[in-house]
Amino acid sequence: MQRTPLFDEHLALGAKMVPFAGWEMPINYSGGITQEHIAVRTNAGLFDVSHMGEIRVRGHEATPFLSFVTLNDPAKLKPGRGQYSMLPNDFGGLIDDLYIYCDAANDFLVVCNASSRTEVVKHLQALASTYEVEVYDESDNWALLALQGPGSSLLLSLHLGDQLLEQKKNSKIVTRLQGVLVDIARTGYTGEDGFEIFCRPDDARKLWRSFLFEGAEPCGLGARDTLRLEAGFPLFGHEFTSQTNPLCSDYAWVVKDKPFYGREAMWGRKCEKQLVGLRLLERGIPRQGYELYKDAENIGEVTSGTISPLTRESIALGWIKKSYAVLGEEISVEIRGQKVAATIVKPPFYQS
């Protein structure tokens with residue numbers, strides 16, 4: 001099990017540690033997931049996401065290379081800007097979803113999920129052989145903190161002042177914070193305004209302690225999951241997998257009409273299933289893998305589900321047969337042998 005530079009900090013705060021993608025990570029702290037979730041929705045929460053992978057793509061043909069291997073269009077990125085993207089395989093599904101930052105002309109930082117890091121690096125390096133580009137794994141050189149919530153900008157402004165006012169969503173700047181050199185991106189995975197702060201591993205503890213002292217709530221992977229689900233964000237390994245076609249989801253906008261690796265397989269696949277949002281009409285907790293029904297017909301399954309800590313509604317995402325993917329359609333979720341009524345809705349389930 002790998003550990004982030006903040007492992008001892010988590011233990012000192014009473015975190016419940018769990019294995020996650022080969023890492024020992026905090027699922028929640030002593031206050032619990034609901035307290036952490038509400039803190040992000042109302043003020044500021046602080047996450048250690050140093051397990052994420054960071055991959056450098058640099059060279060004369062870095063832009064056309066990334067345009068071919070990813071689904072969004074990195075050519076639109078100016079230095080200091082980022083975009084959500086995906087890494088397609090050659091049979092119509094995905095290897096991972098990503099965030100791509102343009103640090104300079106033909107110099108990009110690709111952030112991937114911890115569980116996919118090895119496969120992403122291997123895939124990119126294999127395809128880079130025909131381009132004038134270097135691809136190397138920088139993950140061990142970075143720690144990553146996510147400061148999220150409506151109070152996050154106020155907290156950061158105590159240190160950055162007017163510099164923060166100029167930072168727009170999806171932008172990334174290099175600056176000093178508490179005397180530490182950092183990259184700060186105005187991005188996140190919670191549905192709230194927020195920032196992701198890249199720093200050297202040896203500097204992570206100083207920044208972590210500073211943000212907590214100034215009022216941020218320490219948050220674990222549990223709240224990270226309920227927040228992203230409430231916001232309707234997909235999670236690779238749940239909503240998206242090697243078999244799922246993003247064109248059959250609300251994230252079809254990511255797939256730009258351009259040449260890309262695996263285009264024929266993805267573009268040519270008929271959408272037999274659709275990714276939808278579900279709100280239960282009765283009590284119950286929908287879990288990944290629970291089957292979905294229309295009357296007696298099995299029409300799909302839940303990919304993620306929870307009880308919203310904010311609204312106390314039971315919510316879920318799932319893939320269902322396309323013919324039933326109609327807003328307002330009433331279906332049911334089988335929970336422990338009982339069919340529980342649900343209706344198809346359009347995420348997000350909560351919007352700040």
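Find the strands (runs of 3 or more DSSP E) located wholly in the range 285-352 whose residues include 3 or more that are without any contact (Cβ under 8 Å) to a residue 60 or more places away in the chain and over 30 Å from residue 149 (Cα atoms), and list them. Give the derivation first.
Working: elements: 291-294, 297-307, 314-321, 330-335, 338-345.
By residue number, 291-294, 297-307, 330-335.
Could you please find all residues in the range 97-150 being under 20 Å from residue 184 (Cβ atoms), out of contact with any Asp or Glu (no Cβ under 7 Å at 6 or more places or on another chain) and among the aromatic types (Phe, Trp, Tyr)?
Residues satisfying the conditions are 99, 101, 108.
Going through the range 311-327 one residue at a time, which ones are buried (at least 18 other Cβ atoms within 10 Å of the Cβ) and over 20 Å from the mean Cα position of the chain (by Cα)?
The first filter runs over the range 311-327 and keeps only residues buried (at least 18 other Cβ atoms within 10 Å of the Cβ), leaving 314-320, 324-325.
Within the range 311-327, 314, 320, 324, 325 meet the criteria.
Take the range 180-194 and flag every residue that is assigned to a loop (DSSP other than H, G, I, E, B) and of a type outside the set (Ser, Thr, Tyr).
First, the residues of the range 180-194 that are assigned to a loop (DSSP other than H, G, I, E, B): 186-193.
Answer for the range 180-194, where residues must be assigned to a loop (DSSP other than H, G, I, E, B) and of a type outside the set (Ser, Thr, Tyr): 186, 188, 191, 192, 193.
All but one of (1) in a helix (DSSP H, G or I); (2) of a type outside the set (Gly, Ala, Ser); (3) surrounded by 23 or more Cβ atoms within 10 Å (Cβ to Cβ) hold for residue 197; state the number of the condition that does not hold.
Residue 197 satisfies all of (1) in a helix (DSSP H, G or I); (2) of a type outside the set (Gly, Ala, Ser); (3) surrounded by 23 or more Cβ atoms within 10 Å (Cβ to Cβ) except (1).
May I ask you to verify whether residue 330 is modelled with pLDDT of 95 or more, surrounded by 13 or more Cβ atoms within 10 Å (Cβ to Cβ) and acidic (Asp, Glu)? Break it down stepwise before answering.
Working: modelled with pLDDT of 95 or more: yes; surrounded by 13 or more Cβ atoms within 10 Å (Cβ to Cβ): no; acidic (Asp, Glu): yes.
The answer is no for residue 330.
If residue 275 satisfies every condition in (1) closer than 30 Å to residue 193 by Cα; (2) assigned to a helix (DSSP H, G or I) but one, which is the exception?
Residue 275 satisfies all of (1) closer than 30 Å to residue 193 by Cα; (2) assigned to a helix (DSSP H, G or I) except (2).
Taking the range 24-40, which residues are in contact (Cβ under 8 Å) with a residue 40 or more places away in the chain and either surrounded by 24 or more Cβ atoms within 10 Å (Cβ to Cβ) or touching a Gly at 6+ places or on another chain (Cβ under 7 Å) (or both)? First the steps, then the outcome.
Step one: of the range 24-40, the residues in contact (Cβ under 8 Å) with a residue 40 or more places away in the chain are 25-29, 31, 33-40.
Correct list: 25, 26, 27, 28, 29, 33, 36, 37, 39, 40.
Pull up the range 104-145, narrow it to residues that are under 20 Å from the mean Cα position of the chain (by Cα) and among the acidic types (Asp, Glu), then point me to the one that is farthest from residue 65 (Cα to Cα).
140
Being surrounded by 18 or more Cβ atoms within 10 Å (Cβ to Cβ) and farther than 22 Å from residue 195 by Cβ is the filter here; which residues of the range 75-88 pass it?
86, 87, 88
Suppose we keep only residues that are farther than 28 Å from residue 231 by Cβ and among the acidic types (Asp, Glu) within the range 98-137. Which one would you say is surrounded by the most Cβ atoms within 10 Å (Cβ to Cβ)?
Filtering the range 98-137 for residues that are farther than 28 Å from residue 231 by Cβ and among the acidic types (Asp, Glu), the one surrounded by the most Cβ atoms within 10 Å (Cβ to Cβ) comes out as 137.
Only residues that are of a type in the set (Ser, Thr, Tyr) and within 12 Å of residue 275 (Cβ to Cβ): list them for the range 295-352, please. Break it down into steps so the answer makes sense when it comes.
First, the residues of the range 295-352 that are of a type in the set (Ser, Thr, Tyr): 303-304, 306, 308, 311, 314, 323-324, 332, 343, 350, 352.
Correct list: 303, 304.
Return the residues of the range 224-262 that are outside any loop (DSSP other than H, G, I, E, B) and touching a residue at least 40 places away in the same chain (Cβ under 8 Å); say none if nothing qualifies. Explain how you work it out, then say what you get.
If we filter the range 224-262 for residues that are outside any loop (DSSP other than H, G, I, E, B), which is where we start, we get 224-230, 236, 240, 246-248, 252-254.
Answer for the range 224-262, where residues must be outside any loop (DSSP other than H, G, I, E, B) and touching a residue at least 40 places away in the same chain (Cβ under 8 Å): 224, 225, 226, 227, 229, 230, 236, 240, 246, 248, 254.
Please pick out the residue among 290, 251 that is more than 21 Å from the chain's Cα centre (by Cα), hydroxyl-bearing (Ser, Thr, Tyr) and within 30 Å of residue 312 (Cβ to Cβ). Reasoning before the result, please.
Numbers: 251 fails: more than 21 Å from the chain's Cα centre (by Cα).
Exactly one residue qualifies, and that residue is 290.
Quickly run through the range 205-223 and pick out the residues that are assigned to a helix (DSSP H, G or I) and within 21 Å of the chain's Cα centre (by Cα). Don't jump to the end; show me each part of the working.
Let us first name the residues in the range 205-223 that are assigned to a helix (DSSP H, G or I), namely 205-213, 221-223.
Once the filter is applied, which keeps residues that are assigned to a helix (DSSP H, G or I) and within 21 Å of the chain's Cα centre (by Cα), the range 205-223 yields 208, 221, 222, 223.
Out of all the residues in the range 294-310, is one or more at pLDDT below 95, loosely packed, with under 13 Cβ neighbours inside 10 Å and under 30 Å from residue 39 (Cα atoms)?
No; the residues of the range 294-310 include none that is at pLDDT below 95, loosely packed, with under 13 Cβ neighbours inside 10 Å and under 30 Å from residue 39 (Cα atoms).
The values are calculated or read from the model by the stated rules, or taken from the named source; none is laboratory data. What you see is a predicted model, and the numbers here were worked out from it, not measured in a lab. Neighbour counts run over all protein chains shown; Cβ positions are idealised from the backbone, glycine included.
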